[in-house]
Amino acid sequence: MKRKEDPRLIQGLGHYVDDLSLPGQLYAAILRSPHAHARLRKIDRSAAERAAGVVAVITGEDIRGVLGTIPVAAALPELKVPPHYPLAIDNICYVGEPVAVVVADDRYRARDAVDLIEVDYEPLPAVTDPEKALEKSSPRVHEQFKDNQACLWKIEAGFPDRAFKKADRIVRQRFLNQRLIPVAMEPRGVLASYDPGPELLTVWSSTQIPHLLRTQIAAMLNVPEMRVRVIAPEVGGGFGSKLNVYGEEALVAHLAMKLGRPVKWMETRRENFLATIHGRDQIDDVEVAVKQDGRILALKCRLTADLGAYHQLLTPAIPTLTGLLMLGCYKIPAVKIEYVGVFTNKMATDAYRGAGRPEATYLIERMVDLVALELGKDPAEIRRQNFPKPKDFPYSTPTGVIYDSGNYEATLKKALELAGYKKLREEQKKLWKQGRYLGIGLSTYVEICAMGPSSAMPAGGWESGTVRIEPTGKVTVLTGASPHGQGQETSFAQVVADELGISPDSVIVIHGDTQAVPYGIGTFGSRATAVGGTAMFLAVQKLKDKLKRLAGHLLGVDPKRIEMGEGKLVVKGKPKKSKSFLEVVQAAYVAKTLPPNFEPGLEATTFFEPSNFTFPFGAHVCVVEVDAETGDVHILRYVAVDDCGNVINPLLVDGQVHGGIVQALGQALFEEAVYDENGQLLTGELMDYAIPRAWDVPRIETARTVTPSPVNPMGVKGVGEAGTIAATPAIVNAVVDALRPLGVRDIQMPLKRERLWALLEARGS
Amino acid sequence: MIPASFEYFAPRSLEEALQLLAHHGTEAKLLAGGHSLLPMMKLRLATPRTLIDLGRIRGLSYIREDGGRISIGAMTTHAEVESSELLRRRAPLLPETAAEIGDVQVRNRGTLGGSLAHADPAADYPAALLALDAECVLTSQKGTRTVVAKDFFVDMLTTALQAGEILTEVRFAADSPRTGSAYRKLHHPASGFAIVGVAARLTLDATGKGSAVSVGITGVAPKPYRATGVERGLLGQTLDAKRIAEASAQATRGVEPLSDLQASARYRAAMAAVFTRRALAAALGRAQKQG
């Protein structure tokens, strides 16, 4: 089934924040710091205030004690939390930090006036390298802390030291998971309006989490939560970058209340690069203990995460997901992980598609390849050897999570068959002899998604779902998930339609408006279908029970004998004895012929709390040829076999896999946020920061195995991030494999052409 | 991405545009397709007081051949160059180059004249214009003058255009028999501009020797240049893969290659040689096919 969302989006009939306008609306423009680290000495706003059309100029001093700090939801032992205000007060800690905001009657005049604000900065030394930041001599990002270490988190299980002593070999490697910029197609944007009659503050924001945002805005503004309404209209992508509470969201809401007029702020692309969260930025020093026969006994990792200057909502929690998933899809009995979070004078990192799991998958999948190389074994064989077997599930890992279900061997086998692995290896040998560099890369991944049980989530991990059958038999679904491109308006309608025996065209899915939808958690962590979908699925079961009871009453039979048919409720075994769906629905509303103690109406809500995460998995095979003269990487084949449990809509699943792989390709080959040592972002726009273009994307061959999840009744797992998690190591493994004849064992991402060319040149290709 | 305020004029004739340009002087910028100027204005890297939009002037968009000379109006879009049957037959180097510029949207709006006048050192067209020995026609209220491509590109973002002049036309000779050409490019992964772009055109005499060889290179230096060292190595020689490879090693002779995040000077120089060889080899193959 095609996406129900697309006709309106393709025709330009969707309404994003910037498509909305209110009478009397003002525009905000933000002055941002050009310095990475500085003391704010003085701000002279008089010229800006005098400029044509300017209504107000606000600085940090104006919000001191008025607006609360930007929240961090991550709970880690001994986490240092510097106060983080919507506008800088006293100190600047990264380039792009908001210093002042101009509100004017027109967005051009607001922007012009920004240039008229004079700020006296006292520049301070900046630190941008996380390892240098940990040195004693480093400038401190926050003076009130004794050093730049933001947090320290450890896992140790299964006696790793003992395992390392028993090892035949120890394989070591350092991996840099570079800083990335999410670059959602629609930047952030906020429109806020305060209606003094009903005392209602309405905030439209391009967000993934409208309900959590509402709670936080109420807290930051000190406004009663029931007087705040947050609406996420059409959202043009998030990839985690809108799974956050940003200073601008509170600031614009505050301005609307203060000035008594609607205020809109739209982020420019430049601001989006500087001041929307970044992703990844980890250094992983990994060592594994292996037996000569290929068994991996233990893994140790020191993980240094560059968190940037401040915490955003989940900043320090992201690397803990790396920790939980670090053993990948292998039965490795012992582990020791030490994660150090570090402050630097850069934008905060936070959740970016995959959020912690791509880092884990990258390091373990690269490591397994290095083990194969070291032992002279085939990388497929080493993987097979260390997989848990199907009978091992549910499988408890030493990192403390329980993989719900899996059959890793079946997936790998299918991927190798589809790719023609044996033949590829023969072909590779031939081409190597001709001086051509063909490489074959594998990635067998597992990931943590359907986030998640509330015990493991900072702000609840459940989801709400409401199903309402209207008197005409049409159905309205309200979900606490907040889809922004994933397509749940389609897949949720399919599920409800299937359950009720009606057409998906008779179902509408409403989301993103806190006044319309019961409280929910939002869309992130590949959770919407497995958690939000399940809530809705359970709600519709309640309605089915009610419909059957009523139909039984109307037909004079025991409700247990009623089943759902196409557009009707039928007595089992007697297909002619039935009531139409509409008749039963109308009976529930007209309420004249109800069974005793039967509530009129047809609406049910479920708040679903999952008992565990789900753990989708898969096997990807990438085939590349490296141009020996230029270092250019050509992806010749890409085979993705994914297992996300039961599939509701294959088109949506394929779309998620395609998009995820493309995003991974960006990280593998060219994406890289580069700051210089003074904290200036050198890749500050799309002319410098390369995201994949259509011409960079290979044909992607997708296939699936199906291992249902026992965690939810639909048996679904989630697929929103799988491609991004799986594909980065598959591509890098392929390129490293291609250059194996030159003795190459690792190459740092991104695999820029010049980097590969230099390797080829140095080794005399 | 909000530009500073500016005054906007949309003249209907070239005369009117020249008058406006003379009146507003250096405060004014000419707007053609806008695909370089407008992004710079949105970032406030350019803040012209006045924009003179050439888009409504009739008669600046054409592709013609007259007696073996091809002329192209400055407002001809990249897409029109790319798809021109006349050019594909008579001077295929230019449509092949146009096809490598940006993406479909850029090619539908961007213009030949706009690109040349902007003189981005990584733009694609300049390489082809140099290889074609093209002339640029510059028009002012005083009349017109022509400048050969080699002299038109003065430096990074600087051309031979004087105050009050508008680039109105580009002219060059159509391919003679037994001529082959090719444009080969290593694109910047973010911007799509050329890290190295090489346009080669060569003509063979009856014995298979190179009777004319021209190589234009963009992206490598602050301004596009003719790789004269390469050309000298091939002129009058029997052309084959080996000779082309040898000559291509001279691609950056006398040039100091640029260096940036995507490509160091050393890498650029190496790639200039590789892409020169590839462009020449392709051009030779095409010339030979013509028998």
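The values are calculated or read from the model by the stated rules, or taken from the named source; none is laboratory data. Note that the coordinates shown come from a computational prediction; the quantities given were computed from them, not determined experimentally. Positions of Cβ are backbone-derived with ideal geometry, glycine not excepted, and every protein chain shown enters the neighbour counts.
Is it true that A:Asp105 is touching a Leu at 6+ places or on another chain (Cβ under 9 Å) and farther than 23 Å from A:Arg261 by Cβ?
Considered against the rule, which asks whether it is touching a Leu at 6+ places or on another chain (Cβ under 9 Å) and farther than 23 Å from A:Arg261 by Cβ, A:Asp105 comes out as no.
Can you confirm whether the stretch A:653-669 contains a residue that is more than 8 Å from chain B (Cβ to nearest Cβ), crowded, with 20+ Cβ neighbours inside 10 Å and touching a Phe, Trp or Tyr at 6+ places or on another chain (Cβ under 6 Å)? No, there is no match, as no residue in the stretch A:653-669 is more than 8 Å from chain B (Cβ to nearest Cβ), crowded, with 20+ Cβ neighbours inside 10 Å and touching a Phe, Trp or Tyr at 6+ places or on another chain (Cβ under 6 Å).
One line per residue, one yes/no per condition, for (1) buried (at least 24 other Cβ atoms within 10 Å of the Cβ); (2) small (Gly, Ala, Ser); (3) in a helix (DSSP H, G or I):
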{"position": "A:Gly236", "(1), (2), (3)": "no, yes, no"}
{"position": "A:Arg261", "(1), (2), (3)": "no, no, no"}
{"position": "A:Leu307", "(1), (2), (3)": "yes, no, no"}
{"position": "A:Leu313", "(1), (2), (3)": "yes, no, no"}
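Residues checked against (1) within 14 Å of another protein chain (Cβ to nearest Cβ); (2) of a type outside the set (Ser, Thr, Tyr); (3) part of a loop (DSSP other than H, G, I, E, B); (4) without any contact (Cβ under 8 Å) to a residue 12 or more places away in the chain:
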{"position": "A:Thr724", "(1), (2), (3), (4)": "no, no, no, no"}
{"position": "A:Val732", "(1), (2), (3), (4)": "no, yes, no, no"}
{"position": "A:Pro741", "(1), (2), (3), (4)": "no, yes, no, no"}
{"position": "A:Pro750", "(1), (2), (3), (4)": "yes, yes, yes, no"}
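Yes or no, residue by residue, for (1) touching a residue at least 40 places away in the same chain (Cβ under 8 Å); (2) in contact with a His (Cβ under 7 Å, 6 or more places away or on another chain); (3) crowded, with 22+ Cβ neighbours inside 10 Å; (4) more than 30 Å from A:Gly308 (Cα to Cα):
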| position | (1), (2), (3), (4) |
| --- | --- |
| A:Lys346 | yes, no, yes, no |
| A:Thr349 | yes, yes, yes, no |
| A:Arg357 | yes, no, yes, no |
| A:Ala360 | no, no, yes, no |
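Could you please find all residues in the stretch A:20-71 being within 14 Å of chain B (Cβ to nearest Cβ) and in a strand (DSSP E or B)? Passing the criteria: A:Tyr27, A:Ala28, A:Ala29, A:Ile30, A:Leu31, A:Arg32. For the stretch A:707-718, check the following and say yes or no: at least one residue is within 12 Å of chain B (Cβ to nearest Cβ), crowded, with 16+ Cβ neighbours inside 10 Å, on the phi < 0 side of the Ramachandran plot and part of a loop (DSSP other than H, G, I, E, B). No, because not a single residue in the stretch A:707-718 is within 12 Å of chain B (Cβ to nearest Cβ), crowded, with 16+ Cβ neighbours inside 10 Å, on the phi < 0 side of the Ramachandran plot and part of a loop (DSSP other than H, G, I, E, B).
In the stretch A:494-511 there is no residue matching the filter, namely being buried (at least 21 other Cβ atoms within 10 Å of the Cβ) and among the small types (Gly, Ala, Ser).
Considering the conditions (1) more than 14 Å from every other protein chain (Cβ to nearest Cβ); (2) assigned to a strand (DSSP E or B), B:Arg184 is excluded by exactly one of them, (1).
Entry remark, the stretch A:494-536: residues being touching a residue at least 24 places away in the same chain (Cβ under 8 Å) and either in the same structural domain as A:Val653 (by TED's automatic domain parsing) or in a loop (DSSP other than H, G, I, E, B) (or both) number 17 in total. With the condition kept exactly as written, say whether any residue in the stretch A:280-290 is part of a helix (DSSP H, G or I) and away from every other protein chain (no Cβ under 14 Å). No, there is no match, as no residue in the stretch A:280-290 is part of a helix (DSSP H, G or I) and away from every other protein chain (no Cβ under 14 Å).
Residues satisfying the criterion are present in the stretch B:34-41 (criterion: touching a residue at least 12 places away in the same chain (Cβ under 8 Å), at positive phi and crowded, with 16+ Cβ neighbours inside 10 Å).
Filtering A:Asn597, A:Asn678, A:Asn646 for residues that are away from chain B (no Cβ under 14 Å), surrounded by fewer than 20 Cβ atoms within 10 Å (Cβ to Cβ) and under 30 Å from A:Ile92 (Cα atoms) leaves a single hit, A:Asn678. Just one of (1) away from chain B (no Cβ under 14 Å); (2) surrounded by fewer than 17 Cβ atoms within 10 Å (Cβ to Cβ); (3) charged (D, E, K, R); (4) within 27 Å of B:Ala4 (Cβ to Cβ) fails for A:Asp90. It is (4). Set side by side, the residues A:Gly684, A:Gly601, A:Gly679 differ, and just one is at positive phi, part of a loop (DSSP other than H, G, I, E, B) and touching a residue at least 60 places away in the same chain (Cβ under 8 Å), which is A:Gly679.
When the stretch A:519-550 is filtered for residues that are over 23 Å from A:Ala588 (Cα atoms) and surrounded by fewer than 19 Cβ atoms within 10 Å (Cβ to Cβ), only A:Tyr519 remains.
Collect the residues in the stretch A:238-259 that are assigned to a loop (DSSP other than H, G, I, E, B) and of a type outside the set (Phe, Trp, Tyr), keeping them in residue-number order. Explain how you work it out, then say what you get.
Pass one, the stretch A:238-259, residues assigned to a loop (DSSP other than H, G, I, E, B): A:238-246.
Passing the criteria: A:Gly238, A:Gly240, A:Ser241, A:Lys242, A:Leu243, A:Asn244, A:Val245.
Looking for something within 14 Å of another protein chain (Cβ to nearest Cβ) and of a type in the set (Phe, Trp, Tyr) - is there at least one such residue anywhere in the stretch B:6-25? Checked against the condition, which is being within 14 Å of another protein chain (Cβ to nearest Cβ) and of a type in the set (Phe, Trp, Tyr), the stretch B:6-25 yields at least one hit.
Among the residues of the stretch A:687-703, how many are surrounded by 14 or more Cβ atoms within 10 Å (Cβ to Cβ) and either part of a loop (DSSP other than H, G, I, E, B) or facing chain B (nearest Cβ under 8 Å) (or both)?
11
Among the residues of the stretch A:473-492, at least one is of a type in the set (A, V, I, L, M, F, W, C), part of a loop (DSSP other than H, G, I, E, B) and in contact (Cβ under 8 Å) with a residue 12 or more places away in the chain.
Search the stretch A:414-436 for residues being within 33 Å of the chain's Cα centre (by Cα) and touching a residue at least 60 places away in the same chain (Cβ under 8 Å), and hand back the single one that is farthest from A:Ala738 (Cα to Cα). My answer is A:Lys414. Taken together, A:Glu583, A:Glu625 contain a single residue that is in the same structural domain as A:Glu721 (by TED's automatic domain parsing), surrounded by fewer than 23 Cβ atoms within 10 Å (Cβ to Cβ) and either outside any loop (DSSP other than H, G, I, E, B) or in contact with a Phe, Trp or Tyr (Cβ under 6 Å, 6 or more places away or on another chain) (or both), which is A:Glu625. Being of a type in the set (Ser, Thr, Tyr) and modelled with pLDDT under 95 is the filter here, so list the residues in the stretch A:426-473 that pass it. Those that are of a type in the set (Ser, Thr, Tyr) and modelled with pLDDT under 95: A:Ser454, A:Ser455.
Residues that are among the aliphatic types (A, V, I, L, M), farther than 24 Å from A:Ile58 by Cβ and at pLDDT 95 or above are absent from the stretch A:108-116.
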